[in-house]
Amino acid sequence: MKERKDAGKKILLATVLCGSALLLAGCGKGSKAYEKGEKLAGQGNYEDASRQFQKAIAANKERAEYYISYGMTLNHLGQYQEALQQFELAYQDTKNSISDQNNKQVLLGEAIAYYNLGDYQKTLELCEEAEEYKGASQLKENIASTRAAALQMLGRTEEACALYDEILDQDKEAWDVYLKRGTLKEALEDYEGAKEDYLAVVNSQKSYEGYFALYRLYQSQGEEEDARQIMNELLSGKADTPEDVCQFGKACYYLEDYETAAAYLEEAREGGSKEANYYLGLVNMIKEDYQEALNCFEAYLNVTENPESAMVYNQIAGCYLELEEYEKAQEYLTKGLERSDASARQALLKNQTILYEKLGMFKKARKSAKEYLAAYAGDAQMEQELEFIKTRIRQKVKKEG
C-alpha cells in the first residue's frame, strides 16, 4: 500500500466519532451541506455540489467522505489536480472496514484523475491497488471499467476487451460498459461487434449516447442511409426537457439540417441547457460566422466553468485560425492541451500543426506533424500535411541558399 501523510489517522478518528453519539462540533452543519452536495451531484449539478462540499469541509475538516465526494465532484468538473489534493487528504493510514472502504474510493478517484491527466500507467497501478481492499463491492465495476479504459489507451486492447467482457458477464445491464466496449471494438475494426454493443444500449435504454455512437459508426463505414435512419429514430421520440431538445438539435446538426438544429438549440439554450451553446457554435462555424461561433463557445465556457471535454478549446482555436488571429488561437490550443483531455488531444495537436504552418514556422510544424503521426498513425490528412510542410521547407532552403 502507498505511504501517505499522518493526517489520514486524524480523519479516520473523526469519521468514527461523528458517526457515534459523541458528535463533534460542526458535524451537524457539515452533514447538512454534505447531504445537499450529494443530492446536487446526483442531479449532475457539480458546480453547486462543489460549493456544498466546501461548506461541509469548512464545518468539519475531519470527515474523509467530505473530501472524497468533493474530489469526485472536481473530477467531474475537470479539475483533476485539485481533485488529487482532496483525495490525498482523505486517505487513511489505518486498517479497518471503514478506512478500507474509504481508501478504495480514494484510489478509484485518483485513478480517474490520472486517467484524464493522461497518465495511464499510474491509473493501472491505482486500480490494482484499489482492488486489494475489501468491501465497497459497488465500486468493483467502476474500478474494472477505469482499468480497462487505461489498458485501451496503452494499446493493450485484448486485455481491455477481456476485462469489459468480464464486467458484462457479471452485469448484463452495465450500459456504459457496452458503449466503452463498442468503442474498443471499433478500434479493433470489429464493426459488427461494435454495432451489437451500441444497439444493445439503444434498444434497452433509448440512450442518446448510444444513438450518436451508432451514427458515428455508420458514418465511418460509409453507411449514410443507416446513419440518417438512426438520427431520425432519435427524432421520433419526445423532447420533454431542455436537455432533450438540445439532443434533438444535435441530431439535426448531424443530419446537416442547420436551420432546424439552430431552432432546437436556441430553444434548449433558453430553457437552460448548457450544452446547447456548444452546438450553436458548431452550427455558426458551418455558416462561417466565426465571430458568432466564438460568442456561443464563450457563453458555453461561462456557464459550464469546467467543460467535460477540451474540444471546445479546439473549436475556439479553429475560429481564431479562420479569423487569422493566431495569438488567440495559440492561447486556446495551450489551454486545451494543458487539460490533457484524451478525447480532444488529437484535434488540438492537429490544429497546433496547422497554426505553426500558417505562422511560417515550418520546422516546428514538421516536428509537430511527426509527433502527431507517431501518436495517431494512419491519418491520411496529416500525412499529406507533412509532405506539404516538407515541400515548404525545401523551397525556403532553396530560396535562402
TODO: Restrict the check to segment 152-163 and report whether at least one residue is touching an Asp or Glu at 6+ places or on another chain (Cβ under 6 Å) and either farther than 14 Å from ASP197 by Cβ or modelled with pLDDT of 90 or more (or both).
DONE: no
- [ ] Might you let me know whether segment 133-141 holds any residue that is modelled with pLDDT of 90 or more and either touching a Ser or Thr at 6+ places or on another chain (Cβ under 9 Å) or over 26 Å from MET311 (Cα atoms) (or both)?
- [x] no
Task: Tabulated pairs, segment 58-84, first not assigned by TED's automatic domain parsing to the domain that holds LEU108, second hydroxyl-bearing (Ser, Thr, Tyr) and assigned to a helix (DSSP H, G or I), C-beta under 8 angstrom, 6+ apart or interchain - done: none
- [ ] Output yes when any residue across segment 211-220 is buried (at least 19 other Cβ atoms within 10 Å of the Cβ) and in contact with a Ser or Thr (Cβ under 9 Å, 6 or more places away or on another chain), and no when none is.
- [x] yes
Open item on the list: ALA90 - would you say it is within 28 Å of TYR208 (Cα to Cα) and either outside the structural domain of GLU196 (by TED's automatic domain parsing) or free of Cβ contacts under 8 Å to residues at least 40 places away in the same chain (or both)?
Closed with: no
Task: Cβ pairs under 8 Å, 6+ apart, first in segment 325-339 and hydroxyl-bearing (Ser, Thr, Tyr), second surrounded by 15 or more Cβ atoms within 10 Å (Cβ to Cβ) - done: TYR326/TYR320; TYR326/LEU355; TYR332/TYR313; TYR332/ASN314; TYR332/ILE316; TYR332/ALA317; TYR332/TYR320
- [ ] Exactly one condition in (1) within 19 Å of GLU132 (Cβ to Cβ); (2) surrounded by 19 or more Cβ atoms within 10 Å (Cβ to Cβ); (3) in contact with a helix residue (DSSP H, G or I) (Cβ under 6 Å, 6 or more places away or on another chain) is not met by THR94; state its number.
- [x] (2)
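Per-residue answers, yes or no, for (1) surrounded by fewer than 23 Cβ atoms within 10 Å (Cβ to Cβ); (2) farther than 21 Å from ASN45 by Cβ; (3) of a type outside the set (Ser, Thr, Tyr):
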site: ASP226; (1), (2), (3): yes, yes, yes
site: ASN232; (1), (2), (3): yes, yes, yes
site: LEU235; (1), (2), (3): yes, yes, yes
site: VAL245; (1), (2), (3): yes, no, yes
site: LEU280; (1), (2), (3): no, yes, yes
site: MET285; (1), (2), (3): yes, yes, yes
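The values are calculated or read from the model by the stated rules, or taken from the named source; none is laboratory data. Note that this is a predicted model, so its numbers are computed, not measured. Here Cβ is always computed from backbone atoms with ideal geometry, including for glycine, and neighbour counts include all displayed protein chains.
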